[in-house]
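Single-structure report; data block below.
The values are calculated or read from the model by the stated rules, or taken from the named source; none is laboratory data. Every value quoted in this text rests on a predicted model; they were computed, and no experiment measured them. Here the Cβ positions follow ideal geometry from the backbone for every residue, glycine too, while neighbour counts run over all protein chains shown.
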Amino acid sequence: MKKDISDDYRKELLRYCRYFSKNVHKTKDIRKLRVKDVNRDHVSKFYIWAEKEFKEKTLKKCMSSLKGFFAFLIDIEEIEMRNPFRTYVIKEDVATAIETISKEEFQAVLKAVDDADSMAKSGTKGKKRDMYRPYLKNAYKLFLLTGCRREELVVMKWGDICSFDETVKFIYIDNIKVQRIKNRNNDLRPIPITSQLMDLLIELGYNDNYKPEDYILCPKRTMELQAFMDFLSKSFTHYWKITGIKKDYSLKNLRKTYFTWVNRVMGDDTKIVSSHSTNDVLKRFYLDPKLSSVIAKGAAEIKIFD
């Protein structure tokens, strides 16, 4: 197993292990059950439970994580047993639709932020929490116009803005998910600054005397990063439900919407603005006409909802 993994990734692995142990504990006292006695029957019962609880992508991640955990016990801890997760088959959806948000749906969310009840029940005790913050509409727009994941957007700084010249600008951010998977820190992603995104950046303070190290979104925030990310997700879900739209969508669908519209303009070049670039690529941007032209095209032609 990897030695260098993020705290969030470690917590995710532990969470899957807890799910499995609780499920096994329904029929066996795990305080008395030896690890080597975990068998395919336990896995089968857990799979039946997990299939009802998780969507396909999360289910795959959960099963793969547990398979890796037992591989660690066998290969590293040298426990003599067969991996109970060695073989399993995930039922795949026949066709997975790309779940994009329409212009009307997005505007309905923004209207809900302005007009709807912002109080939502929080936790098992039913306490109410105010889900409104003045920056929410701009936050949702920033997600929509950049295609960023939460962990990328909340750490985006003014100093991340780069340019070829005065007319072609882009934001160069750490591709955190790819960095975590590949266990390296030089994977970056360029985000073309379109006219729509520039208008939003100006509203957020682009023409002001900002500091390069300031966050673009809510620079005076007091929440810890994880709490801030969670609040952005929960608030979007709250206002989405208020719209009454009969779709089980979340903040992640803004990223899917962005890349759907990007693909209409960029085609095969979408991969250049989606992931898998490195610091070396950044240096070549200023030398390689192909790469610089892709960013320029994206900045000029990408329009969300238009």
Close pairs (8 angstrom Cβ cut-off, 6 or more residues apart or separate chains): farther than 23 Å from Glu105 by Cβ in region 218-243, in a helix (DSSP H, G or I) anywhere: Cys218/Ala139; Cys218/Phe228; Arg221/Phe228; Met223/Phe231; Leu225/Glu151; Gln226/Asp8
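Quick test for you: out of Lys252, Lys290, pick the one residue that is modelled with pLDDT of 80 or more, in the same structural domain as Thr146 (by TED's automatic domain parsing) and surrounded by fewer than 16 Cβ atoms within 10 Å (Cβ to Cβ). I'd like the intermediate steps shown before the answer.
Values: Lys290 fails: modelled with pLDDT of 80 or more.
The unique qualifying residue is Lys252.
Looking at the structure I just gave you, is Leu197 at pLDDT 95 or above, in a helix (DSSP H, G or I) and either over 28 Å from Ser293 (Cα atoms) or within 15 Å of the chain's Cα centre (by Cα) (or both)?
no
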The lone exception for Leu232 - which of (1) at pLDDT below 95; (2) in a helix (DSSP H, G or I) it fails: (1)
